[in-house]
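Structure record follows, encoded as C-alpha cells.
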Amino acid sequence: MHSPFVFDLVTKCFYDKKNYTEYSILKNYRNSILANKNTIEVTDFGAGSRVFRSNTRAINQIAKNAGISQKRAQLLFRIVNYFQPEDILEIGTSLGLATSALSLGNSKSKIISLEGCTNTINQCQLQLQKFNINNVECVNTKFEDFLKTYNLKPTTHNLIYFDGNHSKKATLFYFELLLPSIANDSVWIFDDIHWSKDMEEAWEIIKNHPKVKVTIDTFQWGIVFFRTEQEKEHFVIRT
C-alpha cells in the first residue's frame with residue numbers, strides 16, 4: 001500500500017477491533033425495528049422522480065431487505081468517528097439504520113438525511129426520537145428536487161453517504177450535482193457499487209473523474225476522496 005493516508009485509515013479505522021459502547025445502541029436500534037411488525041404504505045421512486053411502485057410492507061421486513069447490515073453500520077460509525085465530519089448528507093434515509101451510525105460517530109455533526117417516502121421517514125423520525133438522536137434533519141423530498149438547489153447556494157459537505165437510487169444514471173447525476181459541495185477532506189461513500197453492470201460502470205466513471213484522487217472498493221461500498229495532495233490511486237480492500 002503506497003499511501004500513508006490509506007494505510008492509516010485501514011489500520012486505525014477499518015480494522016479497529018475496539019468494542020465501542022455505541023455498538024450496543026446500534027444493536028438496540030436495529031432490534032427495535034426488527035421487533036416492529038406494523039405495516040406502512042411505502043412508495044419507491046424511479047428515474048426522474050417518477051413513482052416506481054407503491055405497496056404495503058411490514059416495518060421489520062423493510063429493515064431486513066433494505067437496511068444496512070450490523071457489520072456495515074459499525075464500519076460506518078467508525079468512519080465517521082475517525083474523520084469527525086461536521087456536515088453530513090445522507091441520500092436515502094429508509095428507517096435510519098445507517099443514519100443512527102452516522103449520528104453516533106459524531107454527535108456534534110449536522111446531518112441532513114433525504115427520503116422520498118413520507119411514511120418511511122415518519123417512522124424513522126420516531127425511531128431517532130426514541131433513541132435521543134437529535135442532530136439529524138430528516139427531509140421528505142425527491143432527491144433530484146433537493147439536490148438541484150446546490151447550484152443556487154454555496155454548500156460544503158464533509159461526508160456524503162449515497163444509498164438512494166442504485167442506478168447508473170441517478171448515481172452519476174447526484175455525483176455531478178454535488179461536486180460543488182466538496183472540500184479537500186470530503187469523504188463520499190457509494191453503496192452497492194457492484195449491484196449491477198450499470199452501477200459498476202458508474203463506479204468506473206467516478207474513479208476516473210479528474211477531481212477524484214483516491215478510491216477504495218470494499219466490494220459493498222465505493223469510498224471516494226478528493227485530497228489534492230494525494231497521487232491518484234485506487235485500492236480494493238476487504239472489510
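Restricting attention to segment 129-144 and to residues that are assigned to a loop (DSSP other than H, G, I, E, B) and out of contact with any Lys or Arg (no Cβ under 8 Å at 6 or more places or on another chain), the residue that is surrounded by the most Cβ atoms within 10 Å (Cβ to Cβ) turns out to be 133.
Could you please let me know if residue 15 is among the aromatic types (Phe, Trp, Tyr), surrounded by fewer than 17 Cβ atoms within 10 Å (Cβ to Cβ) and at pLDDT 95 or above? Yes, satisfied. Restricting attention to segment 215-229 and to residues that are in a loop (DSSP other than H, G, I, E, B) and farther than 16 Å from residue 175 by Cα, the residue that is least open to solvent (accessible area, probe 1.4 Å) turns out to be 218.
Residue 120 falls short on exactly one of the conditions (1) open to solvent by less than 30 Å² (accessible area, probe 1.4 Å); (2) within 15 Å of the chain's Cα centre (by Cα), and that condition is (2).
Scan segment 180-214 residue by residue and report those that are open to solvent by 40 Å² or more (accessible area, probe 1.4 Å) and under 16 Å from the mean Cα position of the chain (by Cα). Once the filter is applied, which keeps residues that are open to solvent by 40 Å² or more (accessible area, probe 1.4 Å) and under 16 Å from the mean Cα position of the chain (by Cα), segment 180-214 yields 182, 194, 195. Against the test of being part of a helix (DSSP H, G or I) and without any contact (Cβ under 8 Å) to a residue 12 or more places away in the chain, the options 147, 172, 126, 178 yield a single qualifying residue, 126. Taking segment 18-35 as the range and being open to solvent by less than 70 Å² (accessible area, probe 1.4 Å) and free of Cβ contacts under 8 Å to residues at least 40 places away in the same chain as the test, the residues that pass are 24, 34. Taken across segment 230-239, residues that are surrounded by fewer than 18 Cβ atoms within 10 Å (Cβ to Cβ) and in a helix (DSSP H, G or I) do not occur at all. Considering segment 75-106, the residues that are closer than 24 Å to residue 141 by Cα and of a type in the set (Gly, Ala, Ser) include one that is surrounded by the fewest Cβ atoms within 10 Å (Cβ to Cβ), namely 92. Looking at 100, 113, 107, just one residue is of a type in the set (S, T, N, Q) and touching a strand residue (DSSP E or B) at 6+ places or on another chain (Cβ under 6 Å), and that residue is 113. Applying the condition of being part of a loop (DSSP other than H, G, I, E, B) and touching a Leu at 6+ places or on another chain (Cβ under 8 Å) to segment 150-165 and asking which residue is least open to solvent (accessible area, probe 1.4 Å) yields 157.
The values are calculated or read from the model by the stated rules, or taken from the named source; none is laboratory data. All values reported here derive from a predicted model rather than from experimental measurement. In this analysis, Cβ positions are derived from the backbone assuming ideal geometry, glycine residues included, and neighbour counts consider all displayed protein chains. Ligands, DNA and RNA are excluded from the accessible area calculation, which covers all protein heavy atoms including side chains. Shrake-Rupley method; radii C 1.70, N 1.55, O 1.52, S 1.80 Å.
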